[in-house]
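Report on the structure given below.
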Amino acid sequence: MGESFAVRDNSARSRFELDLDGSMALAEYTLTDGVMTFTHTETPPALQGRGAASKLIHGALLAARARGLKVRATCSFVVAYLERHPEFADLTPSSDPR
């Protein structure tokens, strides 16, 4: 019943990829000074509504954490994901209120 999936970092193309049922979801990023900025997430129609993008971003954030990177998002999907998942708050550069 459970789907098997693996998120991989295709660093040569600056993106995370998730293959599922013959289709690929991807999350593009830039990496500068220890900060991974997610710029674009793309999910093909065959994978939409199945949680593929969430699985992809979850895996990408775990990879960033494992590498000791901070995370920023200019992609609206990743911004929304981070807002819904406070367990990844440690990855975002803090803007400490005074």
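Bear in mind that the values in this text are calculations on the coordinates, not laboratory data. This one's a predicted model, so the numbers in the text were calculated from it and none came from an experiment. FYI the Cβ positions are ideal-geometry reconstructions off the backbone, even for glycines, and counts take in every protein chain you see.
Of all residues being farther than 20 Å from R8 by Cβ and either surrounded by 15 or more Cβ atoms within 10 Å (Cβ to Cβ) or among the hydrophobic types (A, V, I, L, M, F, W, C) (or both) in segment 42-72, which is nearest to the chain's Cα centre (by Cα)? Just the residue, please.
Within segment 42-72, the match that is nearest to the chain's Cα centre (by Cα) is R72.
Within segment 49-77, if we keep just the residues that are part of a helix (DSSP H, G or I) and of a type in the set (S, T, N, Q), the residue that is farthest from A6 (Cα to Cα) turns out to be S76. Would you check if there is a residue in segment 78-94 being outside any helix (DSSP H, G or I), touching a His at 6+ places or on another chain (Cβ under 6 Å) and surrounded by 13 or more Cβ atoms within 10 Å (Cβ to Cβ)? Looking for residues that are outside any helix (DSSP H, G or I), touching a His at 6+ places or on another chain (Cβ under 6 Å) and surrounded by 13 or more Cβ atoms within 10 Å (Cβ to Cβ), one finds none in segment 78-94, hence no. Out of K55, K70, one residue alone is touching a Gly at 6+ places or on another chain (Cβ under 7 Å) and among the charged types (D, E, K, R). It is K70.
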